[in-house]
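Report on the following structure.
The values are calculated or read from the model by the stated rules, or taken from the named source; none is laboratory data. Nothing here was measured: the structure is a model prediction, and the numbers come from that model. No Cβ is skipped: glycine too gets one built from the backbone with ideal geometry, and neighbour counts run over all protein chains shown. We work out accessible area using only protein heavy atoms, side chains counted, and drop any ligands, DNA or RNA first. Shrake-Rupley method; radii C 1.70, N 1.55, O 1.52, S 1.80 Å.
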Amino acid sequence: MPVDIPKDLITELASAERVVVLTGAGVSAESGVPTFREAHTGLWSQYDPRELATPQAFARNPRLVWEWYEWRRSLIQNAKPNRAHYALVDLEQALPTFLLVTQNIDGLHWLAGSRDMIELHGNIARTKCFEEGHAVTWWAETDEIPPRCPYCGGPLRPDVVWFGEGISEQSLRTATDAAAACDLFVCIGTSAVVHPASQLPLIAKRMGARVIEINTEQTAISVMADWSILGKSGEILPHLVREVGFPTTAIDGAAQ
Ligand code: BV8
């Protein structure tokens, strides 16, 4: 599908000094990872994901929540980064100052080669204990679900930020400071409803940055964005990198 990108957007990105990108589940959709709201299809369709992704749900039924994350891990383990992920690696290499803030827990940005990045909501591949927060990379084989922490015996849980849990102060401070200091903020594949991530484009705008949105639908921030480009990030981003004239090393490398 031809991608129509306004010329003034291309000029803005080519001359940008400090760029912050916020990604959501839409960036991983073309890798076959269901968006958060789709992550309750099949046997999980009877549950509201926002009801499962909470400490209360885990305390009430640790087995159910652990198995939901095992199911989501199984969906992610064969997923590969798509052209949107690689285009963001090329942008990171080309721009003077760049920070990627992702709400995604699937690790695909890191896998594609992004390094100046913050995983605001954690990472589903990491496990910690529910009681003391010990990072746990190994536990004894057991039939017990969830398994237990080898240090304190508490139940294990995924190392992600649940609803009602605070984001790491350092990550949030870094993301907020970068949003306040950037001259261009790009929102990609997010419905922009989850706090505090959804505040970042508003902070950038308030501090004078221009805002670009790339999404397959209108969202809560479309009205405040300077450019709202409708379409798939896996199509738009590689085209945008080429239109700006930046090297497409990561995009081309992935194509081989
Ligand atoms: C906190 C990890 C305080 C778990 C997630 C103020 C007002 C209202 C509510 C609140 C508020 N402050 C706090 C809250 C509560 C809550 C919240 O925001 N609730 C929402 C529902 C209103 N926030 C919190 O609880 C946060 N914590 O504030 O703590 C605090 C402080 C100190 C001490 C204690 C407490 C924590 C929020 C983190 C929650 N964890 N993930 C897991 O994944 O299992 S969030 C989870 O949902 C995902 O990670 C994801 O980030 C989010 C869904 O958002 P999106 O990524 O945008 O995905 P979505 O499916 O919605 O949209 C996808 C978009 O992509 C769509 O627009 C679609 O059109 C588009 N798309 C699809 N395909 C493509 C595409 N676009 C481009 N190309 C494509 N191909």
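Output the antiparallel fraction of DSSP beta bridges having both residues in the stretch 101-184, as a percent to the nearest 5. The answer is about 80 percent antiparallel.
Please list, in order along the stretch 198-206, the HN-Hα scalar couplings obtained from phi with the Karplus expression 6.51 cos²θ - 1.76 cosθ + 1.60 (θ = phi - 60°), rounded to whole Hz, x for Gly and Pro. So the J values, rounded to whole Hz, are 5, 7, 4, x, 5, 4, 4, 4, 4.
The helix-based estimate of mean residue ellipticity at 222 nm for the chain, built from -39,500 (n - 2.57) per DSSP H run of four or more residues and divided by its residue count, is -10000 deg cm²/dmol to the nearest 500. Close amide H contacts of T127 (hydrogens built in the peptide plane, cut-off under 5 Å, sequence separation of 5 or more or a different chain): V136, D159. When both the stretch 198-230 and the stretch 145-180 are represented by their alpha-carbon centers, they are found 27 Å apart. Within a straight-line Cα-Cα reach of under 29 Å, K232 can be paired with the following lysines, leaving aside sequence neighbours fewer than 8 residues apart in one chain: K7, K80, K205. Summing charges over all other residues whose Cβ lies under 13 Å from the Cβ of E165, with Lys and Arg as +1 and Asp and Glu as -1, gives +1.
Quick check: at a probe of 1.4 Å, how many percent of the accessible area of the chain sits on carbon and sulfur atoms? Result for the chain: 51 percent of the exposed heavy-atom area is carbon or sulfur. Heavy-atom accessible surface of the chain, averaged per residue, reaches 48 Å², computed with a 1.4 Å probe. Distance distribution note for the stretch 134-219: the fraction of Cα pairs above 16 angstrom is 66%.
Within the shell of other residues whose beta carbon sits under 9 angstrom from the beta carbon of T127, the net charge comes to +2, with Lys and Arg scored +1 and Asp and Glu -1.
Beta bridges from DSSP with both residues in the chain: antiparallel share about 25 percent, rounded to the nearest 5.
Summing +1 for each Lys or Arg and -1 for each Asp or Glu among the other residues whose beta-carbon sits under 15 angstrom from that of F246 gives -4. Between V101 and V21, L22, T23, I118, the built amide H atoms are under 5 Å apart, and every one of these is 5 or more places off in sequence or on another chain.
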